[in-house]
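The values are calculated or read from the model by the stated rules, or taken from the named source; none is laboratory data. Remember, predicted model here, so these are calculated numbers, not experimental data. Quick reminder, even Gly has a Cβ in these numbers, built from the backbone with ideal geometry, and neighbours come from all protein chains shown. Remember, those area values only see protein heavy atoms, side chains included, never the ligands or the DNA or RNA. Shrake-Rupley method; radii C 1.70, N 1.55, O 1.52, S 1.80 Å.
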Amino acid sequence: MPDSTPPRTLRIAMNGVTGRMGYRQHLMRSILPIRDAGGVLLPDGTRVPVEPILVGRNGAKLAELAEQHGIAEWSTDAAAVLADPSIDIYFDAQVTSRRAEALAAAMKAGKHIFTEKPTAETLAEAVELARVAANAGVTAGVVHDKLYLPGLVKLRRLVDEGFFGRILSLRGEFGYWVFEGDGQPAQRPSWNYRAEDGGGIVVDMFCHWNYVLEGLLGKVEAVTAKATTHIPTRWDEQGKPYPATADDAAYGIFEMEGGVIAQINSSWAVRVYRDELVEFQIDGTHGSAVAGLRTCVAQHRSHTPKPVWNPDLPVTEPFRDQWLEVPANADLDNGFKLQWEEFLTDVVNERPHRYGLLSAARGVQLAELGLRSSAEGRRIEIPEVTL
């Protein structure tokens, strides 16, 4: 007879859900929809229920969120939560400066972990987390959300199908204008602009660019970067001015295996004149494609126009009209939710998650070396990260 025993509920301690990303993407758009659907759907058609337990420092806010979303438990005592044997998974979306210690404590307590990035402030700490995970025998996953976005899924499909021929380069543009906070409230928290609190766009974004480049093109072998602080004074959540000690823009050149050159601009001091807040263009001998968060357009060699430079005449080529949209050919859900579902399935099946702590460590390494490249004004080769 088939086993009629109901699957055990996965209890997930979620630390940092009072922040924007932890709340919107991880609680609201991932775990709550999975909970409300009856749990994570396994390949055999069964569902494993999930139950979030909110963790943080602001008890009043946690109580409000729990009441609003029908969540039975919340706590301001993270240590007590980790000591609870009924907790299966610890999720972390705190500020970077508190993350490594919390993740290590969770894994030593036998919890599987899923975490935002960067996982640590230094490469040494990030590698040590990978060692702790290996010794604890837990499943560890790190958010690689951009690889699950519809635009990048389509872009990766073009790579896999050989659409580009020999890939030559990747160019990326990311960013938007973050208001200083004096006339209009800033869209990002003030700690993002204080180096002493773990802020800075290199620390924040280079870990993303590392896994995006690895996921699309392969290993990053060298970096040349320039980080700068374009806006030296900002205003905090209380309306008080403070010096911005962290970089708010970075301009990076990444040398890839196989001779591919990637160049990505990242800035919180740029106004958007593109279709999406982030766009990546891959150029190859047989074709090119441009992907944002959701859309992807492509132009094959056979459809490439032959423009001629003539500054004396107006441009009449409708360049944007000459690209074709790449279809999804599938129903692509929220990227954070898709990765949560994959991670939870790995936990149930007691297997490693494909985006783990060593991948995250390479992202921390790229940020470290990017800042070093900027400070020393030179190209830096990237060594292998191992345990």
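What to note about this one:
- Every residue from the range 229-260 that is exposed (fewer than 14 other Cβ atoms within 10 Å of the Cβ) and in contact (Cβ under 8 Å) with a residue 12 or more places away in the chain: His230, Pro232, Thr233, Glu237, Gly239, Pro241, Glu257, Gly258
- Among the residues of the range 326-341, those identified as in contact with a helix residue (DSSP H, G or I) (Cβ under 7 Å, 6 or more places away or on another chain), among the hydrophobic types (A, V, I, L, M, F, W, C) and assigned to a loop (DSSP other than H, G, I, E, B) are Val326, Ala328, Leu332.
- Residue list for the range 350-376, restricted to those being in a loop (DSSP other than H, G, I, E, B) and in contact (Cβ under 8 Å) with a residue 24 or more places away in the chain: Glu350, Arg351, Pro352, His353, Tyr355, Gly356
- Taking the criterion of being surrounded by 16 or more Cβ atoms within 10 Å (Cβ to Cβ), over 28 Å from Gly284 (Cα atoms) and either modelled with pLDDT under 95 or β-branched (Val, Ile, Thr) (or both), the residues of the range 139-187 that qualify are Thr139, Val142, Val143, Val178.
- If you go through the range 334-369 and keep only what is under 20 Å from Ala262 (Cβ atoms), over 15 Å from the mean Cα position of the chain (by Cα) and open to solvent by 60 Å² or more (accessible area, probe 1.4 Å), you end up with just Glu368.
- The number of residues in the range 301-325 that are assigned to a loop (DSSP other than H, G, I, E, B), out of contact with any Gly (no Cβ under 9 Å at 6 or more places or on another chain) and open to solvent by less than 100 Å² (accessible area, probe 1.4 Å) comes to 7.
- Glu255 among the charged types (D, E, K, R) and either in a loop (DSSP other than H, G, I, E, B) or farther than 14 Å from Leu369 by Cβ (or both): no
- Condition met for Arg57 (part of a loop (DSSP other than H, G, I, E, B) and open to solvent by 10 Å² or more (accessible area, probe 1.4 Å)): yes
- For the range 178-203, a residue qualifies if it is within 18 Å of the chain's Cα centre (by Cα) and of a type in the set (Gly, Ala, Ser), and the qualifying residues are Gly198, Gly199, Gly200.
- Against the numbered list (1) under 30 Å from Asp331 (Cα atoms); (2) open to solvent by 10 Å² or more (accessible area, probe 1.4 Å), Ile89 comes up short only at (2).
- Every residue from the range 96-128 that is more than 18 Å from the chain's Cα centre (by Cα), open to solvent by less than 50 Å² (accessible area, probe 1.4 Å) and under 12 Å from Leu358 (Cα atoms): Val127
- A single entry from Ala66, Ala37, Ala78, Ala83 fulfils the requirement of being aliphatic (A, V, I, L, M) and either in contact with a His (Cβ under 9 Å, 6 or more places away or on another chain) or buried (at least 20 other Cβ atoms within 10 Å of the Cβ) (or both): Ala78.
- Among the residues of the range 276-290, the ones that are surrounded by 14 or more Cβ atoms within 10 Å (Cβ to Cβ), of a type outside the set (Val, Ile, Thr) and under 21 Å from the mean Cα position of the chain (by Cα) come to 4 in all.
- Selection from the range 370-385 of residues that are open to solvent by less than 90 Å² (accessible area, probe 1.4 Å) and either among the charged types (D, E, K, R) or under 15 Å from Glu125 (Cα atoms) (or both): Val385
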